[in-house]
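Heads up, the thing below is written out as structure tokens.
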Amino acid sequence: MAAPISPAADLASPLKFAYWVPNVSGGLVISTVEQRTDWGISYNRTLAQTAERLGFEYALTQTRYQASYGASEQHEATSFSLALLLATERLKVISAVHPGMWHPGVLAKFINTADQLSGGRAAVNVVSGWLKDEFTGFGLPWLEHDERYVRTDEFIRALRGIWTRDDYTQHGRYYSIDGVSLRPGPVDVPGRAHPDVFFGGNSSAAQATAGRVADWYFSNGRSLEDYADNVAGVIEASRSGDRSAPAAPRFGINGFVIARDTHDEAVEQLREIVGNAHRPAVEGFQRSVQQAGASTGDRKGMWADSSFEDLVQYNDGFKTGLIGTFDEIADRIIEYKKQGVNLLLTAYLHFQEELTTFGEEIIPRVREREAQLARENGVEFRDDEAAEAAAA
């Protein structure tokens, strides 16, 4: 039975689509199953151009420092993102960054330059951080869970302030900025106050932070019911009176896509991925992330309730349920739109070919269903963005 439509749902606007940039070796599942992908720049340039042509609006470059999740090699996120921006014309590229690794003023300057070079297409995903060894290995202080979100709150406020004001000053627990002006600033893009700030997490502290300071709230893969709870928590926080951004946050969710001609073929592919999991790597990842999730006061942190099978896709992408035929996946995506999703972040086993299939087969099906959903609810569907992407 289909879930009711959330008050947070935007039925008038087309969903936005994004993909994880495979800038790390080994692919997006921790498995020895074949993954036809590549972490190099040549492959990723072609992938970005394909995604742009097919109507994807964003790409997210993941951040890692030392080998982890079974990946032995990884490129740094901001520099790799800039390379992809310079290889495309419309695609927006999101760099994942850690407060504590970056100073907000230095990051603001880097993103200003990337934004200028790309004509206003740079964005950031601020990751509070859960992998302790990445910080302590560099001799950086490690903060406990809720304190990391205090730092993130200050970090995002500093980014936004530096991007939008001259002589910006901010004094907090973690950052002290005194009369800073950066020139040039970000590109003046109509409808955009500054480069988009994405932010994610499942805990109450994360939801509260997103409600106060983020432009976009990202979630790991979640069931429909759990995702609805996350959206409600962020909306409640955004109405607390402490919101620093001019508009309420928008919502994105991660999903690993296994689209096949039949449902049984898709399910069998999932079984093969999990059956060939790299057990030592998944178990090591599980120990790290579930300690992080359990460290929250409400035990609602990311991965707190994830099984071994869930963690074979390290952002819980299987939980979203984008596994089946083209029509089944399009139907499932619409159910998430009805719960408030504005952006779907996708990952694949074989990136170039499966992202192409998603763009050619699933996005058009989603657009048809979005238009129908809007009509059924007396809403005018503004499909100009979809039409522009399709015509490009």
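The values are calculated or read from the model by the stated rules, or taken from the named source; none is laboratory data. All values reported here derive from a predicted model rather than from experimental measurement. Virtual Cβ from ideal backbone geometry, glycine too; neighbours counted across all protein chains shown.
Looking at this structure, is V231 in contact (Cβ under 8 Å) with a residue 12 or more places away in the chain and either of a type in the set (S, T, Y) or farther than 21 Å from S306 by Cα (or both)?
Working: in contact (Cβ under 8 Å) with a residue 12 or more places away in the chain: yes; either of a type in the set (S, T, Y) or farther than 21 Å from S306 by Cα (or both): no.
So V231 fails the test.
Take the conditions among the β-branched types (V, I, T), out of contact with any helix residue (DSSP H, G or I) (no Cβ under 8 Å at 6 or more places or on another chain), at negative phi and modelled with pLDDT of 95 or more and apply them to T152. Does it pass? Give the steps one after another, and end with the answer.
Details: among the β-branched types (V, I, T): yes; out of contact with any helix residue (DSSP H, G or I) (no Cβ under 8 Å at 6 or more places or on another chain): no; at negative phi: yes; modelled with pLDDT of 95 or more: yes.
For T152, the condition - among the β-branched types (V, I, T), out of contact with any helix residue (DSSP H, G or I) (no Cβ under 8 Å at 6 or more places or on another chain), at negative phi and modelled with pLDDT of 95 or more - is not met.
Just name the residue that is nearest to V312 (Cα to Cα) out of those in region 257-279 that are under 25 Å from the mean Cα position of the chain (by Cα) and not β-branched (V, I, T).
Per the criteria, the residue is A277.
Test of understanding: among G100, G70, which residue is surrounded by 22 or more Cβ atoms within 10 Å (Cβ to Cβ), more than 18 Å from the chain's Cα centre (by Cα) and modelled with pLDDT under 95? Give the steps one after another, and end with the answer.
On the way: G100 fails: surrounded by 22 or more Cβ atoms within 10 Å (Cβ to Cβ).
Matching residue, one of G100, G70: G70.
Considering only region 36-45, state which residues are under 17 Å from Q313 (Cβ atoms) and surrounded by fewer than 18 Cβ atoms within 10 Å (Cβ to Cβ).
R36
When region 340-392 is examined, which residues are found to be at pLDDT below 95 and not in a helix (DSSP H, G or I)?
Initial filter on region 340-392 (at pLDDT below 95): 382-392.
Residues satisfying the conditions are R382, D383, A392.
Any idea which of (1) under 21 Å from R212 (Cβ atoms); (2) touching a strand residue (DSSP E or B) at 6+ places or on another chain (Cβ under 8 Å) is the one D153 doesn't satisfy?
Going through (1) under 21 Å from R212 (Cβ atoms); (2) touching a strand residue (DSSP E or B) at 6+ places or on another chain (Cβ under 8 Å) one by one, D153 breaks only (2).
Are any of the residues in region 246-267 modelled with pLDDT under 90, closer than 29 Å to P14 by Cα, among the aliphatic types (A, V, I, L, M) and surrounded by fewer than 20 Cβ atoms within 10 Å (Cβ to Cβ)? Before the answer, list the steps.
Pass one, region 246-267, residues modelled with pLDDT under 90: 246-248.
Adding the requirement that they be closer than 29 Å to P14 by Cα leaves 246-248.
If we keep only those that are among the aliphatic types (A, V, I, L, M) as well, we get 247-248.
Remaining after also requiring surrounded by fewer than 20 Cβ atoms within 10 Å (Cβ to Cβ): 247-248.
Looking through region 246-267, at least one residue is modelled with pLDDT under 90, closer than 29 Å to P14 by Cα, among the aliphatic types (A, V, I, L, M) and surrounded by fewer than 20 Cβ atoms within 10 Å (Cβ to Cβ).
With respect to the numbered conditions (1) within 22 Å of Y19 (Cβ to Cβ); (2) at pLDDT 90 or above; (3) not small (G, A, S), which one is the sole condition not fulfilled by H194?
Result: H194 fails condition (1) only.
What are the residue pairs meeting all of these: first residue in region 297-314, first residue over 10 Å from N202 (Cα atoms) and of a type in the set (S, T, Y), second residue modelled with pLDDT of 85 or more and surrounded by 21 or more Cβ atoms within 10 Å (Cβ to Cβ), Cβ atoms under 6 Å, and 6 or more apart or on different chains?
Once the first residue is over 10 Å from N202 (Cα atoms) and of a type in the set (S, T, Y) and sits in region 297-314, its partners that are modelled with pLDDT of 85 or more and surrounded by 21 or more Cβ atoms within 10 Å (Cβ to Cβ) give S306/D316.
Going by the structure shown, is D167 over 18 Å from the mean Cα position of the chain (by Cα), at positive phi and modelled with pLDDT of 95 or more? If you could, list the steps in order and put the result at the bottom.
Numbers: over 18 Å from the mean Cα position of the chain (by Cα): yes; at positive phi: yes; modelled with pLDDT of 95 or more: yes.
Taking the combined requirement at face value, the residue satisfies it.
Can you pull out the residues in region 161-188 that are of a type in the set (K, R), touching a helix residue (DSSP H, G or I) at 6+ places or on another chain (Cβ under 9 Å) and surrounded by 10 or more Cβ atoms within 10 Å (Cβ to Cβ)? Write out each step before concluding.
Step one: of region 161-188, the residues of a type in the set (K, R) are 165, 173, 183.
Keeping just the survivors that are touching a helix residue (DSSP H, G or I) at 6+ places or on another chain (Cβ under 9 Å) gives 173, 183.
Passing the criteria: only R173.
Just the residues that are buried (at least 21 other Cβ atoms within 10 Å of the Cβ) and in a loop (DSSP other than H, G, I, E, B), please, taken from region 18-35.
Of everything in region 18-35, those that are buried (at least 21 other Cβ atoms within 10 Å of the Cβ) and in a loop (DSSP other than H, G, I, E, B) turn out to be P22, N23, G26, G27, L28, V29, I30.
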